[in-house]
1. Summing -39500 (n - 2.57) over the DSSP H runs of n ≥ 4 in the chain and dividing by its residue number, what mean residue ellipticity at 222 nm do you reach, to the nearest 500 deg cm²/dmol?
2. By how many nm would the segment from Asn92 to Asp16 grow when fully extended, if each residue of separation counts as 0.36 nm and the alpha-carbon distance is taken off?
3. Between Ser102 and Asp6, what is the label-point separation in nm under the 7 Å Cα-to-beta-carbon projection?
4. Rounded to a whole number, what % of the accessible area of the chain do carbon and sulfur atoms account for, probe 1.4 Å?
5. Please tell me which of these pairs span more than 19 angstrom C-alpha to C-alpha: Lys40/Lys98; Lys98/Lys125; Lys94/Lys125; Lys97/Lys125?
6. Which one of Ser69, Asn138, Asn92 has its Cα pushed farthest toward the positive end of the charge dipole of the chain, where Lys and Arg give +1 and Asp and Glu give -1 at the Cβ?
7. Would you mind classifying the range 47-107 by shape? Square roots of the alpha carbon gyration tensor eigenvalues, ordered a ≥ b ≥ c; an a/c under 1.5 is rounded, otherwise it is prolate if a/b is larger than b/c and oblate if not.
8. Excluding ligands and nucleic acids, what accessible area in Å² is computed for Ile60 using a 1.4 Å probe, to the nearest 10?
Amino acid sequence: MIIKPDYNLKCVYDIDLDELSNQGIKVIMFDLDSTIMISKSGCYRPETEEWLKEVQEKFIIAVISNNKSEEYINKVKNISDFDVIGHASKPNPKKMKKYLESLGVSPKEAVMVGDRPLTDIVAGKLLGCKTILVDSINAENENVPTRCVRWLERRVIR
């Protein structure tokens, strides 16, 4: 099933980095809002910053976001020491593919991590890379309609 992730985890911190490394993964592409950053906040939580530093010790990191705001994406670029790509149009994998080609990395050596099955996971599957679905980094504070949509999406992929 194209929306079923390879891994379905509670949060990004649960990703087994050693396992991915042992599988030959070189690049981890993250969705931005609700995956590694509270949606539209423009800043990382301190624990996320520390965790991303750990990830960078083993992998190339990129953010692949559907956000179209140049101002917002530039704000995130200014606080990130890895590539940040906005206006990605996921689930279309075109920008992800172009990014991996620029690195000389095949999709089989990459993983897409995101909080939305219909954009992040489908984009990764169409690209041909591994996929990891995580809950929102701010799940405990999301509004009821958003939580309901997330619950429905996850029911579909079971």
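1. Mean residue ellipticity at 222 nm (helix-derived): -10000 deg cm²/dmol.
2. Extra length from Asn92 to Asp16 when fully extended: 24.7 nm.
3. 2.3 nm
4. Ligands and nucleic acids excluded, carbon and sulfur give 52 percent.
5. Lys40/Lys98
6. Farthest towards the positive end: Asn92.
7. Note, shape of the range 47-107 comes out oblate.
8. 70 Å²
The values are calculated or read from the model by the stated rules, or taken from the named source; none is laboratory data. All values derive from a computational prediction rather than experimental measurement. Every residue, glycine as well, gets a Cβ built from its backbone with ideal geometry; the counts of neighbours run over all protein chains shown. We work out accessible area using only protein heavy atoms, side chains counted, and drop any ligands, DNA or RNA first. Shrake-Rupley method; radii C 1.70, N 1.55, O 1.52, S 1.80 Å.
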